[in-house]
Amino acid sequence: MNEPAQTMAVAVSAAGLWTSPDAVRPLDAPALSTPAGLRAWAAAQGPDERRDLWGRVDSQLLLGETVLVQEVRDGWARVNAPAQPSRKDPRGYPGWLPLAQLAAPAEPTGARVVVTEQVTELRDGPDGRIIADDVSYATVLPARRRQDAFTEVTLPGGRTGWLADKHLDVHRPRGPLPTAAQLVAAGRQFLGLMYLAGGTHGLMLDCSGLPHLIYRRFGHTVPRDASDLALLGEHVEVADLAPGDLAVFQNDETGDVYHTGVCTGGGQQVLHVSQPDWACIDGTLSERRRRHLVSGRRLRAE
């Protein structure tokens with residue numbers, strides 16, 4: 001009889017969700033460390049290295065995000081991520097991450113905050129020493145108290161830290177859906193950001209990581225893969241696409257949904273993290289993208 005999965009939480013700014021422990025490369029060492037060296041890892045990724053990430057890392061899990069540990073082997077944990085729904089597994093997105101990047105979940109306090117900046121720093125006191133950098137947009141943590149324009153939060157492993165209030169909002173789980181203006185404004189924070197396979201962090205995103213992160217910031221749990229996002233909300237015909245709708249792109253040869261983005265001006269103007277451009281862009285679609293745009297999904301306030 002299988003033992004029940006253990007609940008743990010990510011204890012670094014972001015942990016990669018790898019397809020297997022054997023999928024990592026020598027240049028991925030900074031991403032596997034504690035604390036995670038995300039900027040050094042990103043800097044090591046040229047176009048060839050980014051292409052080579054496909055099939056190696058499927059997603060990223062943010063600080064405080066809980067996982068269900070199914071197996072531990074040679075310093076690695078095989079987990080499911082409940083906050084990232086997926087047709088791959090009803091328990092949440094599956095994958096592997098270093099056991100050293102996990103700890104006991106943060107102590108709940110009855111209130112939570114969410115990071116609203118691209119990245120922010122975690123400090124040991126109000127305006128104190130930085131103890132963790134590059135805490136991502138949409139990171140959600142339990143809040144204890146406010147002091148001098150900072151909020152104390154609880155962290156995995158029984159620790160605490162402080163985040164600047166100007167980079168936070170109250171987390172409202174399953175609260176009001178974001179408006180079109182909120183969806184577009186949130187996405188435009190990431191213009192120019194590098195494309196990185198599996199990215200769901202404020203320094204690195206893939207196409208579906210962008211809407212996943214935006215909805216998480218507004219308190220809504222949505223899938224992180226384009227094929228799953230294509231089932232979200234209400235169907236919208238291409239001719240009826242409006243700002244804030246998700247654009248759905250399908251390969252005309254295989255029939256697979258492979259890309260998504262946020263419409264900013266109807267069906268021809270889309271904000272998306274584009275692999276051919278290796279960046280987050282907002283503009284008129286290329287001829288190939290226009291050919292592959294098959295529909296939209298609407299999950300927003302009017």
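The values are calculated or read from the model by the stated rules, or taken from the named source; none is laboratory data. Quick caveat, the model's predicted, so the values are computed rather than measured. Every residue, glycine as well, gets a Cβ built from its backbone with ideal geometry; the counts of neighbours run over all protein chains shown. SASA here: full protein model, heavy atoms, side chains in, ligands and nucleic acids out. Shrake-Rupley method; radii C 1.70, N 1.55, O 1.52, S 1.80 Å.
Checked against (1) of a type in the set (A, V, I, L, M); (2) closer than 23 Å to Gly92 by Cβ; (3) buried (at least 19 other Cβ atoms within 10 Å of the Cβ); (4) more than 14 Å from the chain's Cα centre (by Cα), Leu231 passes all but a single condition, namely (3).
Just so you know, in the range 208-223 the residues that are assigned to a loop (DSSP other than H, G, I, E, B) and touching a helix residue (DSSP H, G or I) at 6+ places or on another chain (Cβ under 6 Å) include one that is nearest to Ala301 (Cα to Cα), and it is Val222.
The combined condition, being open to solvent by less than 10 Å² (accessible area, probe 1.4 Å), farther than 26 Å from Val119 by Cα and either touching a helix residue (DSSP H, G or I) at 6+ places or on another chain (Cβ under 6 Å) or among the charged types (D, E, K, R) (or both), is not fulfilled by Ala31.
Looking at the range 1-15, which of the residues that are in contact (Cβ under 8 Å) with a residue 40 or more places away in the chain and part of a loop (DSSP other than H, G, I, E, B) is surrounded by the fewest Cβ atoms within 10 Å (Cβ to Cβ)? Among those that are in contact (Cβ under 8 Å) with a residue 40 or more places away in the chain and part of a loop (DSSP other than H, G, I, E, B), it is Ala5.
Filtering the range 245-286 to residues that are farther than 23 Å from Pro47 by Cβ, in a strand (DSSP E or B) and of a type in the set (Gly, Ala, Ser) leaves only Ala247. Close Cβ contacts (under 7 Å, 6 or more residues apart or on different chains) running from residues in the range 111-122 that are of a type in the set (Ser, Thr, Tyr) to residues that are open to solvent by 20 Å² or more (accessible area, probe 1.4 Å) comprise Thr116/His167; Thr116/Leu168; Thr116/Asp169; Thr116/Arg217; Thr120/His167. Look at (1) modelled with pLDDT under 95; (2) of a type outside the set (Phe, Trp, Tyr); (3) open to solvent by 30 Å² or more (accessible area, probe 1.4 Å); (4) assigned to a loop (DSSP other than H, G, I, E, B) and you find that Leu191 fails only one, number (1). For the range 16-28, what are the residues that are out of contact with any helix residue (DSSP H, G or I) (no Cβ under 9 Å at 6 or more places or on another chain) and either of a type in the set (Val, Ile, Thr) or assigned to a helix (DSSP H, G or I) (or both)? Once the filter is applied, which keeps residues that are out of contact with any helix residue (DSSP H, G or I) (no Cβ under 9 Å at 6 or more places or on another chain) and either of a type in the set (Val, Ile, Thr) or assigned to a helix (DSSP H, G or I) (or both), the range 16-28 yields Thr19, Pro21, Asp22, Ala23, Pro26.
Select, from Arg297, Arg289, the only residue that is crowded, with 18+ Cβ neighbours inside 10 Å, in contact with a strand residue (DSSP E or B) (Cβ under 9 Å, 6 or more places away or on another chain) and outside any strand (DSSP E or B). So that I can check it myself, show each step before the final result.
Working: Arg297 fails: outside any strand (DSSP E or B).
Result: Arg289 is the single residue among Arg297, Arg289 that is crowded, with 18+ Cβ neighbours inside 10 Å, in contact with a strand residue (DSSP E or B) (Cβ under 9 Å, 6 or more places away or on another chain) and outside any strand (DSSP E or B).
Just need a number here: residues in the range 199-209 that are touching a His at 6+ places or on another chain (Cβ under 7 Å) and open to solvent by less than 10 Å² (accessible area, probe 1.4 Å). Spell out the reasoning first.
First pass over the range 199-209, keeping only residues touching a His at 6+ places or on another chain (Cβ under 7 Å): 200, 207.
From the residues that got through so far, the ones that are open to solvent by less than 10 Å² (accessible area, probe 1.4 Å) too are 200.
Total satisfying the criteria: 1.
Being open to solvent by less than 70 Å² (accessible area, probe 1.4 Å) and in a strand (DSSP E or B) holds for only one residue in Gly175, Gly157, Gly95, Gly128, and it is Gly95. For the range 58-83, a tally of residues being in a strand (DSSP E or B), more than 24 Å from Leu205 (Cα to Cα), open to solvent by 40 Å² or more (accessible area, probe 1.4 Å) and touching a residue at least 40 places away in the same chain (Cβ under 8 Å) returns 2.
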